[in-house]
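Notes follow once the structure below has been shown.
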Amino acid sequence: MQESFIFSLSCRLWPKNLSGGMKAPRKSVKLSEHRLCNRLAPRKKIMPSTPSSSPSSTLLAAVRQFNEGAYFSCHETLEVLWQDEPGPIRAVYQGVLQIGIGLLHWQRGNHRGARILLRRGDELLRPFLPVALGLDLAGLSAAVAGLLEILESPAGPPPLTDDRRPGLSRTGEKE
């Protein structure tokens, strides 16, 4: 027997003046089909893209922005790629995007937000290690692991300096 549960539609769909006494419609959804369950389910190993596939010019721009420390610009560039990608590889775009924004949070002194986004971004990249889209994700993941150790140090995290910033390199290139 399939499990089902009920969830409410977002309150944002209901104008405030109509909310008095009205209940949001409810919809029955199979547990296995709910979008939140995909985050909780064990991640399957996803085959990375072939090494011969070259990154798009938009992705190369995002890599350049990431490596320059322009994390917000990188976020905007990757968001376009992520939203246009229907396949599972979109998680790579989302993972790099979240790591970049985590680094931006660190730069701005929001260490809790940095930890959360660095972990979340790294988790999204793990199924695609070591390489996807011609990018060295294993190197980025290792750098993020080191940064998380620094962020969790009992003495408190230091500022994010240029020598600590991770680089995102293409396969076969040095950072």
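Computed from the coordinates by the stated procedures, all read-outs in this text should not be read as laboratory data. Keep in mind that this is a model prediction, so the values were computed, not measured. Positions of Cβ are backbone-derived with ideal geometry, glycine not excepted, and every protein chain shown enters the neighbour counts.
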What is the stretch 77-127 by shape, rounded, prolate or oblate, if you read a ≥ b ≥ c off the alpha carbon gyration tensor as root eigenvalues and call it rounded for a/c under 1.5, prolate for a/b larger than b/c, and oblate otherwise? oblate
Search the structure for amide H atoms under 5 Å from the amide H of LEU135, placed 1.01 Å from N in the peptide plane, and list their residues when 5 or more places away or on another chain. THR171
Using the Karplus curve 6.51 cos²θ - 1.76 cosθ + 1.60 with θ = phi - 60°, work out ³J(HN,Hα) for each residue of the stretch 129-134 in order, rounded to whole Hz, and write x for Gly and Pro. 4, x, 9, 8, 6, x
Using 7 Å Cα-to-Cβ label points, what is the ILE150/ARG120 separation (nm, one decimal)? 2.2
Once the Cα gyration tensor of the stretch 57-151 is found, what semi-axes does its equivalent ellipsoid get, as square roots of 5 times the eigenvalues, in whole Å, sorted largest first? 20, 15, 12
